[in-house]
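Here the structure is laid out as structure tokens; the discussion comes afterwards.
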Amino acid sequence: MTDIVYLNGDYLEKSSAKISVLDRGFLFGDGIYEVFPVYQSTPFRLQEHLERLTFCAKEIELDLPYTFSQWQEIINQVIGKNGGGNLSIYLQLTRGIQPQRQHDFPENTPATVLVMANPLTTTIAQLSPIKTTLLDDIRWQNCHIKSISLLGNILLHQQAIALGYQEAILHRDGVVTEGTTTNVFIVNDGQIYTPEKNHHILGGITRDVIIELAEQQALTICQQQLKVDDVYQADEVWLVSSSREISPVTQINDKIIANGEIGPIAKQMHKAFQTFKQTLMATSD
Ligand SMILES: Cc1ncc(COP(=O)(O)O)c(C=O)c1O
């Protein structure tokens, strides 16, 4: 049951939580968001998600209404009121409500804040391979901002689905950026590679966790520019995110990756990821 949401100071049934038609999130997609998993009632990497939220708020000149501990309190209340356990938290802020639709930033207008729980639907206890296509990254130049304006991502994702794939790997002029909802990793000769952080990719929290865990296991990890051919010729390709953790890619268009199997480094990293989660949950008891 995930029926209770936090909206602007109140805890409400989802069905009675309403947003004004003059909200800038509704009218312009003027806002930012975070999504993070909760395992056994413990938010995963909350500090890092709130830091990214703070960074994105600065990038769009939006004042965050709460301190870290106030966010923590609201998130814990939402987790508790929705029965705890394993959940996915969605947190969104918009630039609030204006008397009429106009583009200028409003003055002295409180942000609209929504925190909502959803069931954690992904089956991450097991690695599930996916098939992807490769698409031209037609999005804007500020993909490092976790903006609620996701039309570019949604159109690309849907294009992948319509072609019979589960995700798209995106590129700008042959340089790989990310997936529509994921970051990209490849493995070659036992070394791991991922595109470096820049304005064309979202700096994923899962990406950071994987880099940390790989380093702990003495695996070499290089953050550098990757070309489409690097991905096609890789021994392993993975797409990663908070909702998916690690998804091994076994096919890109007609090209079979890793003989259509889950590669050994994907298995190793998946195991390390699960152990890391277990350790965090054990220490938060
Ligand atoms: C475009 C994009 N890239 C990467 C990610 C992965 O980010 P994270 O690991 O923080 O979930 C997401 C997650 O939603 C995303 O939408």
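The values are calculated or read from the model by the stated rules, or taken from the named source; none is laboratory data. The model shown is predicted, which means the values in this text are computed figures rather than measured ones. Every residue, glycine as well, gets a Cβ built from its backbone with ideal geometry; the counts of neighbours run over all protein chains shown. Surface areas here come from the heavy atoms of the whole protein model, side chains and all, with no ligands, DNA or RNA. Shrake-Rupley method; radii C 1.70, N 1.55, O 1.52, S 1.80 Å.
Of all residues in the range 199-218, those that are farther than 15 Å from T181 by Cα have Cβ atoms under 7 Å from Cβ atoms of residues that are buried (at least 20 other Cβ atoms within 10 Å of the Cβ) and at pLDDT 95 or above, 6 or more apart or on another chain, in H199/C143; I210/F185; I210/V240; I210/M269; L213/M269; A214/I192; A214/M269. For the condition open to solvent by 20 Å² or more (accessible area, probe 1.4 Å) and either modelled with pLDDT of 95 or more or within 16 Å of the ligand (Cβ to nearest atom) (or both), R24 does not qualify.
Results for (1) among the charged types (D, E, K, R); (2) open to solvent by less than 10 Å² (accessible area, probe 1.4 Å); (3) within 11 Å of the ligand (Cβ to nearest atom), shown as yes or no for each residue.
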{"site": "Y165", "(1), (2), (3)": "no, no, no"}
{"site": "D173", "(1), (2), (3)": "yes, no, no"}
{"site": "T181", "(1), (2), (3)": "no, no, yes"}
{"site": "I186", "(1), (2), (3)": "no, yes, no"}
{"site": "I205", "(1), (2), (3)": "no, no, yes"}
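Entry remark, the range 254-268: residues being among the small types (G, A, S), farther than 10 Å from K131 by Cβ and surrounded by fewer than 22 Cβ atoms within 10 Å (Cβ to Cβ) number 1 in total.
Listed conditions (1) charged (D, E, K, R); (2) touching a Phe, Trp or Tyr at 6+ places or on another chain (Cβ under 8 Å); (3) open to solvent by less than 50 Å² (accessible area, probe 1.4 Å) are all met by K81, apart from (3).
Listed here are the helices (runs of 4 or more DSSP H) enclosed by the range 145-253 that have at least 2 residues being in contact with a strand residue (DSSP E or B) (Cβ under 6 Å, 6 or more places away or on another chain) and under 14 Å from T133 (Cα atoms): 151-162, 228-232. More than 16 Å from the ligand (Cβ to nearest atom), without any contact (Cβ under 8 Å) to a residue 12 or more places away in the chain and not in a loop (DSSP other than H, G, I, E, B): does that describe T275? Considered against the rule, which asks whether it is more than 16 Å from the ligand (Cβ to nearest atom), without any contact (Cβ under 8 Å) to a residue 12 or more places away in the chain and not in a loop (DSSP other than H, G, I, E, B), T275 comes out as yes.
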